[in-house]
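**Student:** Okay, handing you the structure first.
The values are calculated or read from the model by the stated rules, or taken from the named source; none is laboratory data. These figures come from a predicted structure and were not determined experimentally. A quick note on method: Cβ atoms are made from the backbone with ideal geometry, for glycine too, and the neighbour counts reach across all protein chains shown.
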Amino acid sequence: MNAAPPVSSLLGTRAAALREAAGYAVGRSSEANVAQALRVTRQVNRRLAFSGEHTVIALAGATGSGKSSLFNALCGTQLAISSVKRPTTGRAMAAVWGQTMPGDLLDWMDIPVRHLMETTPAGLDGLVLLDLPDYDSIVTAHRGEVDRLVAQVDGLIWVVDPQKYADNALYEGYLSRFKAYADVMLVVLNQSDRLAPADLSAARDHLRSLLAAAGLGKAKVFTTSALNGAGIDTLRAEVAALVKSKRLAATRLLHDVESAALLLAADLNRERNRRVSDTSAVRLVAALSSAAGVAQVADAVRLATQTRGTTLTGWPLVSWLGRLRPDPLKRLHLEAFAPAKTAAPGEAGVPTTAALAGRSALQVSDIQQAQVSTALRNLCDDVSRGLNPGWAQAVREASLSHEHTLADELDAAVTTTDLGTSTPVGWWRFVRVVQWLLLTVAAIGLAWLGSAPVTKYFGISPLPLYRWHDIPLPTWLCGGALIGGFLLGILVSFGVRASANHRATAATAALQAAIRTVADTAVLTPVNTELERYARFVAALARALP
Amino acid sequence: MAAGLEQALSELRRELMQVSLPLPLPTATEASTTAVQLAAQLGDYVLPRLKNLEAPLLAVVGGSTGAGKSTLVNSLLARVVTRSGVLRPTTKSPVLVYNPADEHWFDDNRILAGLTRTRATSDAPTALQLVPEPSLPVGLALLDAPDIDSVVTANRTIASTLLAAADLWLFVTSAARYSDAIPWDFLTDAAARAVVLAVVLNRVPPEAAEIVPDDLRRLLDERGLAEVPLFVVPETTATAAGLLPDAAVSELRSWLATLAADENERRAVVLQTLDGAITQTIAKTQAVAQAITDQVSAATVLGADATAAYQEAARIVSTQVSDGSLLRGEVLARWHEYIGTSEFTKTLDAKVSWLKERFLGLFRVAPAAGTQVQLAAGSGLEVLLAEAGDAAAERAAQAWDDNPAGRNLLRAHPELARSSASYQAALARTIHEWQADVLNLVAREGKDKRKTARIAAAGVNGLGAALMLFIFANTGGLTGAEVGVAGGTTVVAQKLLESIFGDTAVKTLAQTARDELAARVQGLLASELARFTKVLDELDIDTRQPRRFHKLAAEVDTLRRERELTTAGQRGTVLLPPPELLSLTAPVHSAAESAADFDDIVDAELVEEEPENTPPDVTETTAAGTTPDTTPDATQYPTPDSLDAATEDGVSL
Ligand SMILES: Nc1nc2c(ncn2[C@@H]2O[C@H](COP(=O)(O)OP(=O)(O)O)[C@@H](O)[C@H]2O)c(=O)[nH]1
Ligand SMILES: Nc1nc2c(ncn2[C@@H]2O[C@H](COP(=O)(O)OP(=O)(O)O)[C@@H](O)[C@H]2O)c(=O)[nH]1
Ligand SMILES: [Mg+2]
Ligand SMILES: [Mg+2]
């Protein structure tokens, strides 16, 4: 470990990054790839938790190529059984060079048969050599053991022989998966004694070319004979060099991490700065506003304001008729829930039953619902262009995360928004006073005019009838005040209309702000959170890769 | 009879060549390979063999790379006809060795038509090197095949093809390879289809001689191949030319010579393998048919999923169109404008008084505003249809995505997940056309009645609009405050229409307009759905093929049985050499020794001995379990003439 901090520290950061990336990718990227990434990070943790002083190298190969014989040759004793009968080796066996037996490590690898070597030749201290079963015989159980261990060991020596060195089972079944590990793998052409020297070098060259064609040009090729010992020393020296570097475990795991990360990164769109665009958001808010009935409410506000204004400021003789009209806001169960400041007496402020239940009487039509669905879909399409299907699906699901409560949230937003209709406009009261004054004046005039028979009946002297332009003053008073009130009513109605429009605009703005908040919590935030997750995934993956 | 069988089999071959299993179902990969292999076997072997039962017996020497097949063939012939070597694999083109008298059987494309005949050594996987060899008996051909297990894919393919076309397998393995999985896959297959088979255990070193042959025998027994003759060839030093000492192969050579000499035996071999191949073809055809059925059902499910998604869309739209959904906002505003006073209808109750009805009859309407109502109604419909189409596409795509077969299709056609590019335009056109229909309806109806003056007053556009509104709220379904507004609106529209056309006519008009809308929406959605069905259609799955397969398989089976009856006298399990010949008796020769006595043996056994013609004894041919009483010395080879003679009166099918 201490000899090579770069590899092991690199391994630590990359494995952590891979685990992070896999965590983000759960349920989004291909299940198998995520599982593989998690498996690899677990493997890294486990392997690093064990002795860093030991390097596990396995002899792997076809049945009868001489793995057990080579194992014995390297051990210098007949530990493994080798035989002409095939297949012979059924379970892996370990030989350990050094002071201690790495029990935990071998337990983890599930290798019960282990031997601690008595003598330790120079350079082999720390080597754990494994003799594996075959992968190509009719005993398929052997293949399972090989596959399991091949994934766990630190280094591999592939043993082939003159008859089997070109077998497809080796290349398609194993080597093609180990391209990335070529630099830390050895390939041994055993049974060299069976070939004439010229044939041997021809076969070795051919083996090299086959390896190169399979993408393993970097693998070192040796020739040995377990029978006569040729090439065994060279092989042992090469193994010793691998053991001495103490980097084999970390290098192998690093390759594992890299391969798993590459799997996750396959056909990945690396664009990270994905956010819902302003145009999409605006379109969504517009659709939501329409669905929430903002226009309808604004119309009601306009109409209600106008009705109330006219009722208040109109000519009192007719304006009371306005009270008979249903208040459009009340009809929507809206007014009561506006945070009433000083509700005009008798006008609003008495919550209806529907309003108490917290629902407006606004009806969301299918058209509006359809507009919302379309806006949501377009927003997702827009933001997940080029995204892998799994991630695009996650974005879509995020956009629909509040699907079932959206209508209620929108309604709540509308019902709790202050529509600004709870109080009459200030000048309305003044006009109202003026109107009543005028009406009083008219009444006085009328009373004056009507006083003549009364005075006469009671024998009182009649009230003086001043005239102006030949018309009695009370007539002036009565007629003038009535006409004045009527005219004022007409005049003021323009103002009322302006107030109504103003209040409708203000209500629209307030409603839209409330709906924007709903859009944020129900759609934009979930979608952006998912996009953020994607960005983190891509970033973590980039850190896991060289 | 044979003609009938031939015809049925070539029909079957044609069908097999047309098998297409495009959906990635669990059964698909294997069945496609099976179909290709069966078609190839029928063309390469079964059909030509049926046509020419008297053609020479083709023994294919097959097995693992490096087992020594080429060396063995050369050694059997005592002459290098095919290259052997240390580089694996050496043999890449098959080499066919036959007696020159048999040349006419092989130089045309009767069997293995896919291979180009050549006289020179070749490495091309599609070449077949022809080697006439006088020392080989007439009526027997040896084929040195490429290996079954090396990295060279072409070798593995051609080796399978050749073994499928063999009358007899000489399956070569070695002491190093005898428990490899891949050769055993082939042997198991051979057992399954009752190929006549001999196994050669080659390159057995002295230390293995006691153990390995017995172990191999055990493995053969376990796999139902107990009857198979096993030849053990010791590992010897080859001559400079790469030939094995003669003693090592003499046993095998005499077995072959015996077989070649006995025409009945040969024919029995031919018939057994042929019948096995046909029987297996029948069985495998059923599996292929099942795989096609699986494809059909998977495609049906996918089609049904997509259809369900669009049916749901049509259902939603039809509800929305009639439940008053469209009678809101813009449509109502325009309608109110049209009938003059919005306040009036807003306060209008659902129950309209008789007086108001009268009043409506005289209603003054603004004809130009009718168009506005239609536009508003149209844009509402447009929104609904656009959403319905998109949602249906999404639902259908989701269903496909949940299905492995569908997922593949969806990956190839990602555009399916949304409505087609032309959908928006198409739906606008649909709505426009429907509105034109409605106006036509109204105009036509108006012509019949003499109400032209009143129609002119309301305007065709306005009446069309009224009819649309009437339809949109026809089933009611409105609740609460909506009834007051929309309900009132429809009543107004209804009264307007009834005042002009009368109420039965209005009902008919509405029904016609509604039907037309439904039909147009159906058509619109159907053309969207067609994108999915087109993808499925392009898969080109032949739904009727499974039935044809079952029929053909049954027919072939019947004809095969009939033929079996007529040839019953000649049938039976092919006999094997006597047991003593199967043991390792040959001494291990040195290279020099073997080179010396090599010629002698060849001269004595294969070349110079003039074959005596032993007439074939058809009736007395081997019954199961007996062994022919032949030794190498007694071996007789038929001349070409005698072979012809024998075939003329010999066998009829
Ligand atoms: N000639 C020769 N035979 C060998 C050599 N190595 C192993 N063998 C033989 O090959 C056979 C199988 O060897 P074994 O070690 O059991 O192979 P494994 O299945 O790969 O473990 C045994 O009979 C060995 O004696 C070698 O280098 N030369
Ligand atoms: N010593 C010895 N070598 C053999 C024997 N049979 C085959 N060989 C060698 O094995 C190698 C492969 O033989 P070859 O006939 O090309 O095998 P094929 O791939 O099965 O056709 C060649 O180098 C042969 O010389 C044998 O019985 N003894
Ligand atoms: Mg072993
Ligand atoms: Mg060969």
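**Student:** Condition check: within 14 Å of chain B (Cβ to nearest Cβ), surrounded by 17 or more Cβ atoms within 10 Å (Cβ to Cβ) and either more than 16 Å from ligand 2 (Cβ to nearest atom) or part of a helix (DSSP H, G or I) (or both). Does A:Ser82 satisfy that?
**Tutor:** Judged against the criteria, A:Ser82 is a match.
**Student:** Name the residue, out of B:Ser70, B:Ser75, that is near ligand 2 (Cβ under 8 Å from one of its atoms), surrounded by 21 or more Cβ atoms within 10 Å (Cβ to Cβ), more than 33 Å from the chain's Cα centre (by Cα) and touching a residue at least 12 places away in the same chain (Cβ under 8 Å). Lay out the reasoning, then the answer.
**Tutor:** Working: B:Ser75 fails: near ligand 2 (Cβ under 8 Å from one of its atoms).
Only one candidate passes the filter, namely B:Ser70.
**Student:** While we're on this one: Does A:Asp233 satisfy the criteria of being within 15 Å of ligand 2 (Cβ to nearest atom) and part of a helix (DSSP H, G or I)?
**Tutor:** no
**Student:** For segment A:238-342, please list each of the helices (runs of 4 or more DSSP H) lying entirely inside it that holds at least 3 residues being buried (at least 18 other Cβ atoms within 10 Å of the Cβ). Reasoning before the result, please.
**Tutor:** Details: elements: A:248-265, A:278-292, A:294-313, A:316-319, A:328-331.
Where helices (runs of 4 or more DSSP H) fall fully within segment A:238-342 and carry at least 3 residues being buried (at least 18 other Cβ atoms within 10 Å of the Cβ), they are A:248-265, A:278-292, A:294-313, A:328-331.
**Student:** Among the candidates B:Ala388, B:Ala393, B:Ala376, single out the residue that is surrounded by fewer than 24 Cβ atoms within 10 Å (Cβ to Cβ), under 60 Å from the mean Cα position of the chain (by Cα) and modelled with pLDDT of 70 or more.
**Tutor:** Details: B:Ala388 fails: surrounded by fewer than 24 Cβ atoms within 10 Å (Cβ to Cβ); B:Ala393 fails: surrounded by fewer than 24 Cβ atoms within 10 Å (Cβ to Cβ).
That would be B:Ala376, the only listed residue that is surrounded by fewer than 24 Cβ atoms within 10 Å (Cβ to Cβ), under 60 Å from the mean Cα position of the chain (by Cα) and modelled with pLDDT of 70 or more.
**Student:** OK, next. I'd like to verify a number: residues in segment A:44-62 that are within 15 Å of ligand 1 (Cβ to nearest atom) and modelled with pLDDT under 95, how many?
**Tutor:** Total meeting the criteria: 0.
**Student:** Which ones in segment B:61-82 are part of a loop (DSSP other than H, G, I, E, B) and within 14 Å of chain A (Cβ to nearest Cβ)? I'd like the intermediate steps shown before the answer.
**Tutor:** Residues of segment B:61-82 that are part of a loop (DSSP other than H, G, I, E, B), as a first pass: B:64-68, B:78-82.
Across segment B:61-82, the qualifying residues are B:Ser64, B:Thr65, B:Gly66, B:Ala67, B:Gly68.
**Student:** Considering every residue within segment A:191-211, establish whether at least one is modelled with pLDDT of 95 or more, away from chain B (no Cβ under 13 Å) and under 24 Å from A:Arg236 (Cβ atoms).
**Tutor:** There is no residue in segment A:191-211 that is modelled with pLDDT of 95 or more, away from chain B (no Cβ under 13 Å) and under 24 Å from A:Arg236 (Cβ atoms).
**Student:** Go through (1) at pLDDT 95 or above; (2) surrounded by fewer than 22 Cβ atoms within 10 Å (Cβ to Cβ); (3) away from ligand 1 (no atom under 16 Å from the Cβ) for A:Leu149 and report which single condition fails.
**Tutor:** Here A:Leu149 meets the rest and fails (3).
**Student:** Take B:Arg514 and decide whether it is more than 30 Å from B:Ala268 (Cα to Cα) and modelled with pLDDT under 95.
**Tutor:** For B:Arg514, the condition - more than 30 Å from B:Ala268 (Cα to Cα) and modelled with pLDDT under 95 - is met.
**Student:** Next question, about the same structure. Can we say B:Ile148 is over 20 Å from B:Gly276 (Cα atoms) and within 16 Å of ligand 3 (Cβ to nearest atom)?
**Tutor:** no
**Student:** Say we look at segment A:85-96 and pick out the residues that are surrounded by 19 or more Cβ atoms within 10 Å (Cβ to Cβ), touching a residue at least 40 places away in the same chain (Cβ under 8 Å) and more than 10 Å from ligand 1 (Cβ to nearest atom); which of these is farthest from the other protein chains (Cβ to nearest Cβ)?
**Tutor:** A:Val96
**Student:** With the requirement that a residue be touching a Gly at 6+ places or on another chain (Cβ under 7 Å), under 19 Å from A:Asp193 (Cβ atoms) and more than 14 Å from chain B (Cβ to nearest Cβ), what does segment A:36-74 give you?
**Tutor:** Once the filter is applied, which keeps residues that are touching a Gly at 6+ places or on another chain (Cβ under 7 Å), under 19 Å from A:Asp193 (Cβ atoms) and more than 14 Å from chain B (Cβ to nearest Cβ), segment A:36-74 yields only A:Ala73.
**Student:** I'd like to check something: does segment A:438-453 contain any residue that is modelled with pLDDT of 85 or more, β-branched (Val, Ile, Thr) and within 29 Å of A:Ala304 (Cβ to Cβ)?
**Tutor:** Looking through segment A:438-453, at least one residue is modelled with pLDDT of 85 or more, β-branched (Val, Ile, Thr) and within 29 Å of A:Ala304 (Cβ to Cβ).
**Student:** If you don't mind, another one. Taking segment A:429-482, which residues are outside any loop (DSSP other than H, G, I, E, B), hydroxyl-bearing (Ser, Thr, Tyr) and in contact with a helix residue (DSSP H, G or I) (Cβ under 7 Å, 6 or more places away or on another chain)? Even if it seems obvious, please write down each step before you answer.
**Tutor:** Filtering segment A:429-482 down to residues outside any loop (DSSP other than H, G, I, E, B) leaves A:429-458, A:467-468, A:471-482.
From what is left, the residues that are hydroxyl-bearing (Ser, Thr, Tyr) are A:440, A:451, A:455, A:457, A:475.
Passing the criteria: only A:Thr475.
For every residue, the table says whether it meets (1) within 19 Å of B:Leu187 (Cα to Cα); (2) away from ligand 4 (no atom under 15 Å from the Cβ); (3) at pLDDT below 95.
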| residue | (1), (2), (3) |
| --- | --- |
| B:Lys51 | no, yes, yes |
| B:Leu57 | no, yes, no |
| B:Gly63 | yes, no, no |
| B:Thr71 | no, no, no |
| B:Asn74 | no, no, no |
| B:Ala78 | no, yes, yes |
| B:Leu87 | no, no, yes |
| B:Thr91 | no, no, yes |
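**Student:** Sticking with this one: For segment A:130-144, name all the residues that are out of contact with any Asp or Glu (no Cβ under 9 Å at 6 or more places or on another chain) and either more than 10 Å from chain B (Cβ to nearest Cβ) or under 16 Å from A:Trp108 (Cα atoms) (or both).
**Tutor:** Those that are out of contact with any Asp or Glu (no Cβ under 9 Å at 6 or more places or on another chain) and either more than 10 Å from chain B (Cβ to nearest Cβ) or under 16 Å from A:Trp108 (Cα atoms) (or both): A:Leu130, A:Asp131, A:Ala141, A:Gly144.
**Student:** Separate question: Got a number for residues in segment B:399-416 being at the interface with another protein chain (Cβ under 9 Å from one of its Cβ atoms) and under 16 Å from A:Arg396 (Cα atoms)?
**Tutor:** Qualifying residue count, segment B:399-416: 2.
**Student:** A:Thr77 passes all but one of (1) without any contact (Cβ under 8 Å) to a residue 12 or more places away in the chain; (2) within 16 Å of ligand 3 (Cβ to nearest atom); (3) within 14 Å of another protein chain (Cβ to nearest Cβ); which number fails?
**Tutor:** Only one criterion is unmet by A:Thr77, namely (3).
**Student:** Being within 16 Å of ligand 1 (Cβ to nearest atom), among the polar types (S, T, N, Q) and on the phi < 0 side of the Ramachandran plot is true for just one of B:Ser75, B:Ser64, B:Ser10. Which residue is that?
**Tutor:** Every option except B:Ser64 fails the conditions.
**Student:** If you don't mind, there's one more thing I want to ask. State whether one or more residues within segment B:96-103 are away from ligand 3 (no atom under 16 Å from the Cβ), modelled with pLDDT of 95 or more and within 14 Å of chain A (Cβ to nearest Cβ).
**Tutor:** No: segment B:96-103 contains no residue that is away from ligand 3 (no atom under 16 Å from the Cβ), modelled with pLDDT of 95 or more and within 14 Å of chain A (Cβ to nearest Cβ).
Okay, residues lined up against (1) in the same structural domain as B:Trp434 (by TED's automatic domain parsing); (2) buried (at least 16 other Cβ atoms within 10 Å of the Cβ); (3) β-branched (Val, Ile, Thr); (4) part of a helix (DSSP H, G or I):
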site: B:Gln494; (1), (2), (3), (4): yes, yes, no, yes
site: B:Ser499; (1), (2), (3), (4): yes, yes, no, yes
site: B:Val506; (1), (2), (3), (4): yes, yes, yes, yes
site: B:Asp515; (1), (2), (3), (4): yes, no, no, yes
site: B:Gly523; (1), (2), (3), (4): yes, no, no, yes
site: B:Phe532; (1), (2), (3), (4): yes, yes, no, yes
site: B:Thr543; (1), (2), (3), (4): no, no, yes, no
site: B:Phe549; (1), (2), (3), (4): no, yes, no, yes
site: B:Leu552; (1), (2), (3), (4): no, yes, no, yes
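**Student:** Given the conditions (1) within 25 Å of A:Gly126 (Cα to Cα); (2) within 11 Å of chain B (Cβ to nearest Cβ), which single one is not true for A:Lys220?
**Tutor:** Of the numbered conditions (1) within 25 Å of A:Gly126 (Cα to Cα); (2) within 11 Å of chain B (Cβ to nearest Cβ), the odd one out for A:Lys220 is (2).
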